[in-house]
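The values are calculated or read from the model by the stated rules, or taken from the named source; none is laboratory data. The model shown is predicted, which means the values in this text are computed figures rather than measured ones. Please note: Cβ atoms are built from the backbone with ideal geometry, for glycine as well, and neighbour counts cover all protein chains shown.
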Amino acid sequence: MGCAVENKAYWIAFNRVPGIGPVRLAALIEACGDVGAAWRASIQQMQAARLDRRTIELFLDARRTIDPFAELQRAAAAGVEVLTWDDAAYPEALRNVDGAPPVLYVRGRILSQDEWAVAVVGTRHASSYGREVARVLGAELAQAGVTVVSGLALGIDTVAHRAALDAGGRTLAVLGSGVDQIYPPQNRGLAQAIIEQGALVSEYALGVRPDANNFPPRNRIISGLSRGVIIVEAGERSGALITARFAAEQGRELFAVPGSILSPGSIGCNTLIQQGATPLLSVDDVLEQLNMSRIVEQHAARQSVPADPAEAALLAHLSHEPVHVDDLVRATAMTPGQVSSLLALMELKGMVRQVGVMTYLRA
């Protein structure tokens, strides 16, 4: 069995250990060297990773009862892809947020084009206004080449997923249960359609039943997978507001759909706007603010133009701080003409963004 496959078995096994989340697992791996060594850690190494006595007891008990390779085979038999921090295919946007799950279970496929994603979430008790707004947004985002992310809940989530699918687009559903445990059961048909035209995603192991405590944490994944988050309709205590909070903490753009000041279902959105969220009046507000207006062209360019070593060399000298073309010419020893033509192509591909006269940054 290859080392990468063997390590994946240990990642999955750790995901079944109570009390060891992203922070403790990272500390354990740092103390031991890799995930396989972390699974075999001595008590001294566990203590060096600052695991408390209760967590150590739970870990030792888990090692006696969990067979990592049986867990790996179970996922394979269920047709579930497992992505870990070690995998290049793990979504980069999510990897970079605090508390990113060490393991993602995926039914369907997450594609490179899903980096252009926007979350559309809201109340389960949607009004006719909220449902129509979710339908329009889901469809128009999909038509623009944007992947729609939501939580498969009844109400706004369901409408957004369905609208994206009906428009021929992609959609990702983040679950508060294992990807083999569809909740709510009314959405089993929708879930199957999402698998064929996107993916079901969860940090929870196979067989984990939906539980009220699972849903708030999964919202950080909804926002983490997305470049921006749209709250369509939310009451004063709506779970969608938890997603809004995660979006703010993760530095994601937050949009809220304004509603009647007389409607209880719009209190959450109107309050978010009052607190600084961008009021959303049309899908163009999202596409323009997130620099997504040319996604279809960018995706086509990535598909048709092979990776160029010169592009890689240029990208190595770009960051999220603006850099002038003259500095790139000096750093790469290319001619000004070469740098300018490469930057134009890279901007079309969505790799870089022009932010001033002859000034660029990594997109």
Practice task
Tell me, yes or no, whether segment 74-84 has at least one residue that is buried (at least 16 other Cβ atoms within 10 Å of the Cβ) and in a helix (DSSP H, G or I).
Solution key: yes
Handout entry: Boolean, Ala205 is part of a loop (DSSP other than H, G, I, E, B), over 24 Å from Asn291 (Cα atoms), touching a Cys at 6+ places or on another chain (Cβ under 8 Å) and in contact (Cβ under 8 Å) with a residue 12 or more places away in the chain
Key = no
Fill in the blank from the handout: The condition from (1) assigned to a loop (DSSP other than H, G, I, E, B); (2) at pLDDT 90 or above; (3) under 20 Å from Ala164 (Cβ atoms) that Ser293 misses is numbered (2)
Practice task
Hey, can you tell me all the residues within segment 86-101 that are under 13 Å from the mean Cα position of the chain (by Cα), assigned to a loop (DSSP other than H, G, I, E, B) and at negative phi?
Solution key: Ala89, Tyr90, Pro91, Asn96, Val97, Asp98, Ala100, Pro101
Practice task
Within segment 241-281, track down each residue that is among the charged types (D, E, K, R) and under 19 Å from Pro217 (Cβ atoms).
Solution key: Arg245, Glu249, Arg252
Problem - Residue ranges of helices (runs of 4 or more DSSP H) in segment 210-279 with at least 1 members of a type in the set (S, T, N, Q) and buried (at least 24 other Cβ atoms within 10 Å of the Cβ) - result: 215-224, 240-249
Practice task
For segment 242-250, indicate whether the set of residues that are touching a residue at least 12 places away in the same chain (Cβ under 8 Å), more than 21 Å from the chain's Cα centre (by Cα) and over 17 Å from Ala173 (Cβ atoms) is non-empty.
Solution key: no
Completion exercise
Being assigned to a loop (DSSP other than H, G, I, E, B), modelled with pLDDT of 95 or more and closer than 26 Å to Ser263 by Cα narrows Ala163, Ala153, Ala139, Ala119 down to just Ala153
Completion exercise
Of those in segment 314-352 that are in contact with a Lys or Arg (Cβ under 8 Å, 6 or more places away or on another chain) and not aliphatic (A, V, I, L, M), the residue nearest to Leu287 (Cα to Cα) is Gly350
Exercise for the section: Using the structure shown, decide if Leu225 is touching a strand residue (DSSP E or B) at 6+ places or on another chain (Cβ under 8 Å) and at positive phi. Expected result: no
Exercise for the section: Report whether or not Gly228 is more than 20 Å from the chain's Cα centre (by Cα) and more than 30 Å from Phe14 (Cβ to Cβ). Expected result: no
Practice task
Considering only residues that are touching a Ser or Thr at 6+ places or on another chain (Cβ under 8 Å) and part of a helix (DSSP H, G or I), look in segment 183-202 and name the one that is nearest to Arg109 (Cα to Cα).
Solution key: Ile194
Problem - Selection within segment 39-71 - small (Gly, Ala, Ser), under 26 Å from Val5 (Cα atoms) and without any contact (Cβ under 8 Å) to a residue 24 or more places away in the chain - result: Ala41, Ser42, Ala70
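Yes/no per residue for (1) among the acidic types (Asp, Glu); (2) modelled with pLDDT under 95:
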{"position": "Trp39", "(1), (2)": "no, no"}
{"position": "Arg50", "(1), (2)": "no, yes"}
{"position": "Leu60", "(1), (2)": "no, no"}
{"position": "Glu71", "(1), (2)": "yes, yes"}
{"position": "Ala77", "(1), (2)": "no, yes"}
{"position": "Leu83", "(1), (2)": "no, no"}
{"position": "Ala88", "(1), (2)": "no, yes"}
{"position": "Ala93", "(1), (2)": "no, yes"}
Practice task
Filter segment 164-193 for residues that are crowded, with 22+ Cβ neighbours inside 10 Å and under 15 Å from Ala117 (Cα atoms) and give the result.
Solution key: Ala164, Arg170, Thr171, Leu172, Ala173, Val174
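Okay, residues lined up against (1) exposed (fewer than 15 other Cβ atoms within 10 Å of the Cβ); (2) more than 28 Å from the chain's Cα centre (by Cα); (3) under 17 Å from Glu115 (Cβ atoms); (4) of a type in the set (Ser, Thr, Tyr):
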site	(1), (2), (3), (4)
His324	yes, yes, no, no
Ala331	no, yes, no, no
Leu343	no, no, no, no
Val355	yes, no, no, no
